[in-house]
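Beneath this line is the structure, given in structure tokens, with notes to follow.
The values are calculated or read from the model by the stated rules, or taken from the named source; none is laboratory data. Values in this document were obtained by computation on a predicted structure and should not be read as measured data. Counting neighbours? That spans all protein chains shown, and the Cβs are built from the backbone with ideal geometry, glycine included. Remember, those area values only see protein heavy atoms, side chains included, never the ligands or the DNA or RNA. Shrake-Rupley method; radii C 1.70, N 1.55, O 1.52, S 1.80 Å.
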Amino acid sequence: MTTENAQHDAQNSAQTETPDPAATEAATGTTTETGAQTPEARIAELEAQVEEFRDKWMRSEAEMQNYRTRAKREVEDARQYAVQKFARDVVEAAENLQRGLASLPAKVDGEEGLVAKLREGFESTERSFLGILERNGITCQHPVGEVFDANLHQAMAEQPSDEHQDGTVMQAWTPTWTLHGRLLKPAMVVVAKGGNKAAE
């Protein structure tokens, strides 16, 4: 009787240790009767992973390119506009030179040689100075005759005028100065008021 019980227990133990094919198939996610994943399913799974990694790589590459572009622009701006304060001081000297030239007597025939030489010296110095500024990105523009632009001009006064359209710069005390296209110093201007508007 003891022998029969031992054999019965051994049979039960063997049945317990033998894996159930259906359970194994459900646990591994395979689709074949033998429990192995099909090549087609494995290929589809790998292709999906490749596409996911490719999408992540493309996004990362785009972000890196944007970062490089932004960093390059910031470095370029820093290089071009780091001298902005110094440039303002320089254009102040250029304006003083222009004022000195304008203070000379008007050119007339037979004027004294000293005055003529002084004027020529001022004009030559001014041309050279403005040329140096332009080579370094500093330019000036005389706005007389242009429409008043608050982004480029600072109105110091308004004067009635029948000869100029309303809102036109009829006189400029200083020019508009820019540094690589960015406003450095606005022009000080007198703006015309049209005759009809002045009458109102």
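Taken over segment 140-189, the residue count meeting the criterion of being β-branched (Val, Ile, Thr), surrounded by fewer than 19 Cβ atoms within 10 Å (Cβ to Cβ) and more than 29 Å from the chain's Cα centre (by Cα) is 1.
Give me a count of the residues in segment 63-92 that are of a type in the set (A, V, I, L, M) and open to solvent by less than 50 Å² (accessible area, probe 1.4 Å).
Looking only at that region, the number is 4.
Quick check on residue 135: is it open to solvent by 40 Å² or more (accessible area, probe 1.4 Å), more than 30 Å from residue 73 (Cα to Cα) and without any contact (Cβ under 8 Å) to a residue 40 or more places away in the chain? In short, no.
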